[in-house]
1. Give me the distance between the Cα centres of region 121-155 and region 93-108, rounded to whole Å.
2. Top mean-square fluctuation among Phe92, Phe65, Phe57, Gaussian network model of the chain, C-alpha springs under 10 Å?
3. How much length is gained if the chain between Leu34 and Val135 is pulled fully straight, taking 0.36 nm per residue apart and subtracting their Cα-Cα distance, in nm to one decimal?
4. What distance in nm separates the simple spin-label points at Val77 and Val94, each placed 7 Å from Cα in the Cβ direction?
5. Can you give me the pair-distance distribution of region 5-167, C-alpha pairs, 10 Å bins, whole percents?
6. What is the extension gain from Val14 to Cys125, computed as 0.36 nm multiplied by their sequence separation minus the C-alpha to C-alpha distance, in nm to one decimal?
7. With charges set only on the Cβ (+1 for Lys and Arg, -1 for Asp and Glu), what does the dipole of the chain come to about its Cα centre, in debye to the nearest 20?
8. If neighbour count is taken as other Cβ atoms inside 10 Å, put His91, His20, His47, His138 in order from fewest to most.
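Values quoted throughout were computed directly from the atomic coordinates according to the rules given, and no laboratory measurement underlies them. Note that the coordinates shown come from a computational prediction; the quantities given were computed from them, not determined experimentally. Methodologically, a virtual Cβ is constructed for each residue, glycine included, from the backbone with ideal geometry; neighbour enumeration extends over all protein chains shown.
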Amino acid sequence: MTGPIWAQGGAVEVRGLYFHPTEKAFQNVYGNSLVFGGGAFIGLGKHMDVWVSGDYFRKKGELTFSKEETTLQIIPVYAGLRWRFPGNSYHFYVSAGVGYFWFKEENLMGTVKESNISYLGKAGCCVKVFKGFYVDAHFQYTYGTVQPLEVKNQISGLSLGLGIGYDFGLGEKQDKWIWREVK
């Protein structure tokens, strides 16, 4: 790689995710949910990026036995690498990362606060829509556990996401392979 890392371009993105938890107990209390977040990417070369992202999840549910209201909040922050497979005005990608999350559950029985390491795998496609603006459609799987009261609980799940971002020239060196204007 020649030149400083910032010369390899970057991108920023906001997104929404439809989260489907994998653990049945989590699903019974909170069900499927919407998650919102964003990310930033810095190019490490023509096909690889380093990225950071953060999401916000908050949902009210009903405890299984007592039927009391409970509220869950999860805030994960991730960092990782992404490999891009370029096309004319799109690119497919796969990425993996490791993160840290904050977990808070509140109900009449009390408040539980936990934090732990989690993992993320993701695959998707970014498509140029106008100049540097793009739409990102992806699937991701997150894995994390909490153990608030001697019982280990998974807060893992599969998500379908849709984002809008702006690309500041990721992967560009001398040619504009990723967001080339179609004539």
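1. What the calculation gives is 10 Å, centre to centre.
2. Maximum among the listed residues: Phe65.
3. Working: separation 101, 0.36 × 101 = 36.36 nm, distance 1.82 nm.
Separation in residues times 0.36 nm, less the Cα-Cα distance, equals 34.5 nm.
4. Here the modelled spin labels are 2.9 nm apart.
5. 10, 39, 28, 15, 7, 1
6. Values: separation 111, 0.36 × 111 = 39.96 nm, distance 1.49 nm.
Result: 38.5 nm gained on full extension.
7. On the way: 19 positive and 16 negative charges, 118 e Å.
Result for the chain is approximately 560 debye, rounded to the nearest 20.
8. Values: His91 25, His20 13, His47 17, His138 20.
Ascending Cβ contact count within 10 Å gives the list His20, His47, His138, His91.
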